[in-house]
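First comes the structure, then the notes that go with it.
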Amino acid sequence: MPDFSMELNEDQLQIQKWLHDFSENVVRPVAAEWDEREETPWPVIQEAAKIGLYSFDFIATAFADPTGLTLPIASEELCWGDAGIALSIMGSTLAVAGIASNGTPEQLMEWAPQCYGTPEDVKLGAFCVSEPDAGSDVSGLRTRAVYDEAKDEWVINGTKAWITNGGIANTHVVVASVDPELGSRGQASFVVPEGTPGISMGQKYKKMGIRASHTAEVVLDDCRVPGSCLLGGKEKLDARLAKVREGKKSAGQAAMATFEATRPAVGAQALGIARAAFEYSLDYAKERKAFGRAIIENQGVAFKLADMCSRIEASRLLVWRAAWMGRNGKTFEKGEGSMSKLYAGETAVWVTEQAIQIMGGYGYIREHPVERWHRDSKIYTIFEGTSEIQRLVIARAISGVHIK
């Protein structure tokens, strides 16, 4: 197990520069265009695939990093470029995380590469948990999977909401209830392969931010998948359900296992947005003159920038610590994964708002990117667990009390 270190190794520094250059040269020049279009930026995803960034090999390398820092570094640099485009590139990773955290090694090797395809034939993956009436309350999922023993098939019915790449993905990973009486402990994850009848896209959402990332409903109507598409296999599921029915603790929830693995990386995405806004407003404050001097010479502006920088650095410390802990099997005894996502998400919202304030009217118009970064930042206090849910997780962890 590697010691925790803030000093990046040579490989990590190279990846950081590689992704920074990609964000600066490929992502940023087209970010405003794809935000306006509110469409999946296929040309950018294809460019990412050509250089090996959008691939299972890269994600496998990132997940395998014993320090746990490669994925947060990648997430920060891509979102420094543009969060909507970054989510279009990284969105398939959530599906892969769902497969990795719930499936067998054989299932991971079979399905994860199909979430990316090849540079010549790019594919997408989607992870489907949230529903119109069940977002933060994962235990309230109504999507149902029923086993047809005669055909060794699972029949899935329900509607998923707020799904990144939903309906346009080639491979969907769907969390469904197999025993509603057991709540979240009666859930399982299923791969719905490309071309499966009964799965379709519902409404596509028009969003405030991250608009280059496709978000839509996924409708499952008597959607049948082979028994081999149950992640982890039926024997493992039956054993887990039996333990729960006997009142024993189970190994965990299908959805929460995925979210715990990805929260530090999501925090790193928010961190990238915050850093972009800080750097931009710092440069502006040095150049903008008012009352005969650069506005950064005023304490009111300079102190804002000092606080922005401090909160960004604190966020990175929390994100990197949680990523290292998660990779090395350290228990989140104080909700450290949730801490990193909570603090970085709220920092991104606050920092981008301060950047607009520093720039005044210029910060509010689309000629400058800070208004887009502010719109993009807000989702980080909502998706993959709202700030309120993160605080609940942390409060329960530090108190040992089941706070409601």
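The values are calculated or read from the model by the stated rules, or taken from the named source; none is laboratory data. These figures come from a predicted structure and were not determined experimentally. Glycine gets a Cβ as well: all are built from the backbone with ideal geometry, and neighbour counts include every protein chain shown.
Here's the yes/no breakdown for (1) crowded, with 24+ Cβ neighbours inside 10 Å; (2) part of a loop (DSSP other than H, G, I, E, B); (3) not basic (Lys, Arg):
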{"residue": "63", "(1), (2), (3)": "no, no, yes"}
{"residue": "74", "(1), (2), (3)": "yes, no, yes"}
{"residue": "96", "(1), (2), (3)": "yes, no, yes"}
{"residue": "101", "(1), (2), (3)": "no, no, yes"}
{"residue": "106", "(1), (2), (3)": "no, no, yes"}
{"residue": "114", "(1), (2), (3)": "no, no, yes"}
{"residue": "142", "(1), (2), (3)": "no, yes, no"}
{"residue": "150", "(1), (2), (3)": "no, yes, yes"}
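As for the stretch 372-391, it holds at least one residue that is surrounded by fewer than 15 Cβ atoms within 10 Å (Cβ to Cβ) and at pLDDT 95 or above.
Inside the stretch 261-280, can you point out the residues that are small (Gly, Ala, Ser), out of contact with any Gly (no Cβ under 6 Å at 6 or more places or on another chain) and either closer than 17 Å to residue 79 by Cα or not in a helix (DSSP H, G or I) (or both)?
Step one: of the stretch 261-280, the residues small (Gly, Ala, Ser) are 261, 265, 267-268, 270, 272, 274, 276-277.
Keeping just the survivors that are out of contact with any Gly (no Cβ under 6 Å at 6 or more places or on another chain) gives 261, 265, 267-268, 272, 274, 276-277.
Those that are small (Gly, Ala, Ser), out of contact with any Gly (no Cβ under 6 Å at 6 or more places or on another chain) and either closer than 17 Å to residue 79 by Cα or not in a helix (DSSP H, G or I) (or both): 265, 267, 268, 272, 274, 276, 277.
Only one of the numbered conditions (1) more than 30 Å from residue 366 (Cα to Cα); (2) in a helix (DSSP H, G or I) is not met by residue 2, and that is (2).
Among the residues of the stretch 170-214, the ones that are in a loop (DSSP other than H, G, I, E, B), closer than 17 Å to residue 155 by Cα and of a type in the set (Ser, Thr, Tyr) come to 1 in all. Taking (1) surrounded by fewer than 23 Cβ atoms within 10 Å (Cβ to Cβ); (2) modelled with pLDDT of 95 or more in turn, residue 269 satisfies each apart from (1). Scan the stretch 76-94 for residues that are assigned to a helix (DSSP H, G or I) and among the acidic types (Asp, Glu) and jot them down. Of everything in the stretch 76-94, those that are assigned to a helix (DSSP H, G or I) and among the acidic types (Asp, Glu) turn out to be 76, 77. Pairing residues of the stretch 363-380 that are farther than 15 Å from residue 85 by Cα with residues that are in a helix (DSSP H, G or I) and among the aromatic types (Phe, Trp, Tyr), at Cβ distances under 8 Å and at least 6 apart in sequence or on separate chains, gives 368/280; 368/362; 370/280; 371/364. Please determine whether any residue of the stretch 46-58 is surrounded by 23 or more Cβ atoms within 10 Å (Cβ to Cβ), acidic (Asp, Glu), on the phi < 0 side of the Ramachandran plot and at pLDDT 95 or above. So far as the stretch 46-58 goes, no, none of its residues is surrounded by 23 or more Cβ atoms within 10 Å (Cβ to Cβ), acidic (Asp, Glu), on the phi < 0 side of the Ramachandran plot and at pLDDT 95 or above.
Criterion first (among the hydroxyl-bearing types (Ser, Thr, Tyr) and within 30 Å of residue 61 (Cβ to Cβ)) does residue 331 satisfy it?
Working: among the hydroxyl-bearing types (Ser, Thr, Tyr): yes; within 30 Å of residue 61 (Cβ to Cβ): yes.
Here the answer is yes, as residue 331 does meet what is asked.
Only one of the numbered conditions (1) part of a helix (DSSP H, G or I); (2) touching a residue at least 12 places away in the same chain (Cβ under 8 Å) is not met by residue 68, and that is (1).
Residue 3 meets all of the listed conditions (1) in contact (Cβ under 8 Å) with a residue 40 or more places away in the chain; (2) not assigned by TED's automatic domain parsing to the domain that holds residue 77 but one, namely (1).
Here are the criteria: (1) at negative phi; (2) surrounded by fewer than 14 Cβ atoms within 10 Å (Cβ to Cβ); (3) of a type outside the set (S, T, N, Q). Tell me which single one residue 225 does not satisfy. Only one criterion is unmet by residue 225, namely (2).
Inside the stretch 108-119, can you point out the residues that are out of contact with any Ser or Thr (no Cβ under 6 Å at 6 or more places or on another chain) and within 14 Å of residue 48 (Cβ to Cβ)? Of everything in the stretch 108-119, those that are out of contact with any Ser or Thr (no Cβ under 6 Å at 6 or more places or on another chain) and within 14 Å of residue 48 (Cβ to Cβ) turn out to be 117, 118, 119.
Have a look at 162, 154 and point out the one that is surrounded by fewer than 23 Cβ atoms within 10 Å (Cβ to Cβ), among the hydrophobic types (A, V, I, L, M, F, W, C), assigned by TED's automatic domain parsing to the domain that holds residue 221 and in contact (Cβ under 8 Å) with a residue 24 or more places away in the chain. Full working, then the answer.
Numbers: 154 fails: surrounded by fewer than 23 Cβ atoms within 10 Å (Cβ to Cβ).
Criteria check complete, one pass: 162.
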